[in-house]
Amino acid sequence: MRGLLLCCFLALAKLSLNPKKTYEYRYEGVVNFGLGMPNLAESGVRMTCKVNITGVSAQTFVLKISNLAFAEFNGVPGKNSFTASPKLSQRIAAQLVKPIMFDYASGHISDIRASADVSDTVVNIVRGILGFFQVTVKTTQRIYELEEVSIHGKCQSSYATEENKETKDMTITQVVDLSNCREKAAVYRGMATAVLDHVAKQRGESVVSSVRYVYTVKPTAEGGLITKAHGLERQYFTPFNVKGGTFKMQATKDIVLLSESDTERAVMFGPVESKGNLVYKFVDSKVNIPVLMQNLDDPVPKAIALIKRLADVNSYQIDVATSDDTLKVYQLLRVMPYEGLEQMWRQFKGNEEYR
Ligand SMILES: *[C@@H]1O[C@H](CO)[C@@H](O)[C@H](O)[C@H]1NC(C)=O
């Protein structure tokens, strides 16, 4: 009896996958951007798919994604809903027809490999899914902290584990401390003229930044297997320390184990190249900036007029109709030389609203 208890106690110490089996999961990820205030437009995207993980050797596994569907949200929460984006689904699915390989041992993912034509953007999506399987389980301690590699970088994680006495399942809660990272997947832009003091830095950082995962792990002969997991990430920030205006990003993701079966046929895969570890890889961000058609000649007076108008209509409450103008100002500022920015600053610095 004692031997048996000891065996199971130790066995759960590591998450692992059986290389002879195929695990089928359902995945859903949702990202939402907005101000979180009633009657204001928000945007978001949702991705759902099925994920199969099959072993090819003791520590190498293959991930296959199928039934991929993207949906977009552009509108007011409660009034509008997600609409399917078949073109985006097709484009991403086309890159994911070829399997992705990765190494997996003791609940740790390394060396993600894919065909050369799979873009970093798509590998980032895969990182978001694979991140669920990167979990350190310690059964000797109920609460522990350690540094771990994740999509956010090399950051400190706090874990708390709890065993369900009846089902023997384990609930593991992991909180990633994004303010305590040795290497953080973050970029700062447009800081050329920023004041580099402590207060300015603090103001520019996120107001709220939290990441939490909750896993349900069932004991298996090999160790522990994730049957269900939920992730929640919140980032609220106020890039210009705008009065009372924090911008919110909320992301949730879920996986559920659908089936687990003996692998019948070996997985076929073509040539692959290394795409790195789980840490998010930045891609050229310019391609992702929304563009509105406008004449970009002589940007200074145009930007000045738009900023005045935006400040006037938004003095007391933000107005949905002006989001186009905000994008226009953004574009005009990007094409403006430094002297133009200085000229604007001279005009605006005395007026608190325009500043
Ligand atoms: C995923 O695994 C399930 C169960 O083994 C199987 O029925 C399904 O065909 C697999 N899907 C893909 C895309 O390989």
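Quick note: the coordinates plus some simple rules give every number you see, no bench work behind them. None of the values given here were measured: they were computed from a predicted structure. Heads up, the Cβs are rebuilt from the backbone with ideal geometry, glycines too, and the neighbour counts pull from every protein chain shown.
For this structure, a couple of remarks:
- Fewest-first sequence of Glu24, Glu147 by Cβ atoms within 10 Å of each Cβ: Glu147, Glu24
- FRET efficiency for the Phe247 to Asn67 pair, using the beta carbon distance and R₀ = 41 Å, is estimated at 0.80.
- If R0 is 35 Å, the Cβ-Cβ spacing of Lys154 and Asp312 corresponds to a FRET efficiency of close to 0.15.
- Between Tyr354 and Met268, the simple spin-label model (points 7 angstrom out along Cα→Cβ) gives 6.7 nm.
- Centre separation in Å (Cα based) which lies between region 108-152 and region 24-99: 18 Å
- Counting every other Cβ atom within 10 Å of each residue's Cβ, Tyr104, Tyr354 order from fewest to most as Tyr354, Tyr104.
- Over region 57-183, the pair-distance histogram of Cα-Cα distances with 10 Å bins from zero comes to 10, 30, 29, 25, 6, 0 percent, rounded to whole numbers.
- Using 0.36 nm per residue and subtracting the Cα-Cα separation, the extra length available between Ser106 and Arg142 on full extension is 11.1 nm.
- Likely footprinting exposure, Met47, Met268, fewest C-beta neighbours within 10 Å first: Met268, Met47
- Per-selection Kirkwood Rh - the chain (Cα, Å, 1 d.p.): 23.2 Å
- At an R0 of 56 angstrom, the distance between the Cβ atoms of Gln59 and Asp297 translates into a FRET efficiency of 0.40.
- Hz values of 3J(HN,Hα) by residue in region 173-188 - Karplus curve (6.51, -1.76, 1.60), Gly and Pro given as x: 10, 10, 10, 9, 8, 6, 8, 10, 10, 7, 10, 10, 7, 8, 10, 10
- Taking each residue as 0.36 nm, the span from Ser259 to Arg346 lengthens on full extension beyond its C-alpha to C-alpha distance by 24.9 nm.
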